[in-house]
Each structure stands twice: as C-alpha cells, then as structure tokens.
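Colleague: Have a look at this one.
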Amino acid sequence: DLFGGAGGARREGQRLQRPVVQVALGCSLEDLYRGCTKKLKITRKSTTLTRPAEKVLEVPIKPGFKAGTKITFSGDGDEVAPGVAQDIQVVVREKPHDRFVREGADLHLKHAISLADAVCGLSYLDVRSLDAAPRVLRVNFKGVAITPATSRVVAGEGMPRRGGGRGDL
C-alpha cells in the first residue's frame, strides 16, 4: 500500500466511532421493580442534518434494571461533524426509597417496633410490596425472640432477576 492507510482513513470493516454523551435518568425503586417507559426530552444542534431540534426519547426501563444500566440512542445527540451526530447514553440512577434498600436482587427493610411488641412478642409484620396492585405480605414472627438483630427472609419477593425469578425480601 503506497500510503499505508494513514491520514485518518477508515480501514475496510471498521466502524466510525461516534462521540457519546451520557445523561443520568433517576428511577424510583417501583419503576425498577415493575418496569416502565420513561420519556426524556432532548434539544440537539444540527448544521447539515435535517431533523427537528427537539426530540422526546422513550427510554425502556425493564423490570430488575440496576443502577448504572446504560441504554444507547445512536445518532440522536448534537451534530459534531457534517453528517455525524453524537450517541446519547442514558444511565439509570436509582432514587432512594423511603422503606427499602436494594442490594443486588434483594430488598432490605428496617422496621421499628414498639418496646411492648419486642418484650411480649410480635406475631406478624405486614409489609406492602412494590407491585402495581396493592399487595401486603404477612411476615410471621410468632414464637421468635425479638432483638435488634432479628431478621426474616421472604424468598422470591425481591427484585426481578434477568434470567427469571426474583431476589429475596
């Protein structure tokens, strides 16, 4: 090859690398549990591309997505060179929840009880699930000595897993 393929020319079969711009998208734990579609309005600059300046991206949030999950929209960003637009990468951020803390596919709940319940014994604890339809899980504590370290695991009531099934509550 006389010129050695230098000078910024692409080799055959090599894709043009578009610049990427990241945008954070806050999602509630309910959104990440159930799944939803979030709308994200963007404004973009174009010089040679004929396209509207504003666009609404529909971001699919699948059940079980984790914080840091990235969804890419190719060529929907600002035009950075003639005919070349940035990719927009939406990064899922998990908003803090008032009752649950997520650890992987498991959900953790801390619940304060009265001194009387701790001393006399607690029969059960009703926990509202994150399902769209209101559902209450009755967690049994009958015959269990209550201490600050007491915990119960409800199998299969946590976050959805990618391969199917759910984590624990």
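Colleague: Mind telling me which of the residues Val80, Val59 ends up being in a strand (DSSP E or B) and at pLDDT below 95?
Modeller: Going through Val80, Val59 in turn, the sole match is Val80.
Colleague: I've got another one for you. Taking the condition within 17 Å of the chain's Cα centre (by Cα), surrounded by 16 or more Cβ atoms within 10 Å (Cβ to Cβ), among the hydrophobic types (A, V, I, L, M, F, W, C) and modelled with pLDDT of 90 or more, does Ile71 pass?
Modeller: In short, yes.
Colleague: For region 69-81, give me each residue that is out of contact with any Asp or Glu (no Cβ under 9 Å at 6 or more places or on another chain) and not hydrophobic (A, V, I, L, M, F, W, C).
Modeller: Thr69, Lys70, Asp78, Glu79
Colleague: Still on this structure, please answer the following. Scan region 121-169 for residues that are assigned to a strand (DSSP E or B) and open to solvent by less than 40 Å² (accessible area, probe 1.4 Å) and jot them down.
Modeller: Leu125, Val127, Leu137, Val139, Pro160, listed by residue number.
Colleague: Further, regarding this structure: So which of Thr47, Thr37 ends up being open to solvent by 80 Å² or more (accessible area, probe 1.4 Å) and over 29 Å from Gly167 (Cβ atoms)?
Modeller: Matching residue, one of Thr47, Thr37: Thr47.
Colleague: So which pairs qualify, if the first residue must be in region 98-121 and within 16 Å of Gly158 (Cβ to Cβ), the second must be open to solvent by 90 Å² or more (accessible area, probe 1.4 Å) and of a type in the set (A, V, I, L, M, F, W, C), the Cβ gap must be under 9 Å, and the two must be at least 6 apart or on different chains?
Modeller: Asp106/Val153
Colleague: Residue check: is Ile42 among the β-branched types (Val, Ile, Thr), in contact with a helix residue (DSSP H, G or I) (Cβ under 9 Å, 6 or more places away or on another chain), at pLDDT 90 or above and surrounded by 11 or more Cβ atoms within 10 Å (Cβ to Cβ)?
Modeller: Against the criterion (among the β-branched types (Val, Ile, Thr), in contact with a helix residue (DSSP H, G or I) (Cβ under 9 Å, 6 or more places away or on another chain), at pLDDT 90 or above and surrounded by 11 or more Cβ atoms within 10 Å (Cβ to Cβ)), Ile42 does not qualify.
Colleague: Something else about it: Please determine whether any residue of region 98-115 is open to solvent by less than 40 Å² (accessible area, probe 1.4 Å), farther than 30 Å from Val20 by Cβ, modelled with pLDDT of 85 or more and touching a helix residue (DSSP H, G or I) at 6+ places or on another chain (Cβ under 7 Å).
Modeller: The answer is yes; a qualifying residue exists.
Colleague: Quick one: in region 74-96, which of the residues that are in contact (Cβ under 8 Å) with a residue 60 or more places away in the chain and under 15 Å from Arg18 (Cβ atoms) is surrounded by the most Cβ atoms within 10 Å (Cβ to Cβ)? Full working, then the answer.
Modeller: Step one: list which residues in region 74-96 are in contact (Cβ under 8 Å) with a residue 60 or more places away in the chain, which gives 80, 84-95.
From the residues that got through so far, the ones that are under 15 Å from Arg18 (Cβ atoms) too are 80, 84-89.
Working: Val80: 13, Val84: 14, Ala85: 21, Gln86: 19, Asp87: 16, Ile88: 23, Gln89: 15.
The selected residue is Ile88.
Colleague: Right, something else. Which count do you get for residues in region 21-56 that are part of a strand (DSSP E or B) and either in contact with an Asp or Glu (Cβ under 9 Å, 6 or more places away or on another chain) or of a type in the set (Lys, Arg) (or both)?
Modeller: 12
The values are calculated or read from the model by the stated rules, or taken from the named source; none is laboratory data. None of the values given here were measured: they were computed from a predicted structure. Counting neighbours? That spans all protein chains shown, and the Cβs are built from the backbone with ideal geometry, glycine included. Only protein heavy atoms, including side chains, enter the accessible area calculation; ligands, DNA and RNA are left aside. Shrake-Rupley method; radii C 1.70, N 1.55, O 1.52, S 1.80 Å.
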